[in-house]
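A.B. asks: Would you mind keeping the following structure in view while I ask a few things?
The values are calculated or read from the model by the stated rules, or taken from the named source; none is laboratory data. As the structure is a prediction and not an experimental result, all values here were calculated from the model. Quick reminder, even Gly has a Cβ in these numbers, built from the backbone with ideal geometry, and neighbours come from all protein chains shown.
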Amino acid sequence: MLADHTGIVTTDPTIPMGDVRQADPGSDRQGAFKRGWTAAVKDLNDGEESSKYSDGPPPEELTWDNLGYRLGSLFGETDDDLRQELFEWCVKKQTEEQER
């Protein structure tokens, strides 16, 4: 069993232990999100080559990069507008969570 940064206990090792994403992310974090997504799509399409995410256990901390990877793994190849919309939704959701 694992406990996340809020003390919630989980047995799911894919759930990050802590959210370390930069608040109010700029274009560099948006780029990291998109790079993570692109790496996931590449991993889905190319079973031979591995990325930093496909080797070893999932990261324990949530970053913009590995959030992009997680969503890219779920949704696969997606047009840029939808990917941008998901990034903006994640920013909004993070802001709401921090205001609680």
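A.B. asks: Among the candidates LEU86, LEU71, LEU62, single out the residue that is touching a residue at least 12 places away in the same chain (Cβ under 8 Å), of a type in the set (A, V, I, L, M, F, W, C) and in contact with a strand residue (DSSP E or B) (Cβ under 9 Å, 6 or more places away or on another chain).
C.D. replies: None of the others qualify; the one that does is LEU62.
A.B. asks: Given (1) surrounded by fewer than 16 Cβ atoms within 10 Å (Cβ to Cβ); (2) at pLDDT 50 or above; (3) small (Gly, Ala, Ser), where does ALA3 come up short, assuming only one miss?
C.D. replies: Failed condition: (2).
A.B. asks: Taking the residues in the range 65-100 that are surrounded by 18 or more Cβ atoms within 10 Å (Cβ to Cβ) and of a type in the set (Phe, Trp, Tyr) as candidates, determine which candidate is farthest from TRP37 (Cα to Cα).
C.D. replies: Checking each candidate, the answer is PHE87.
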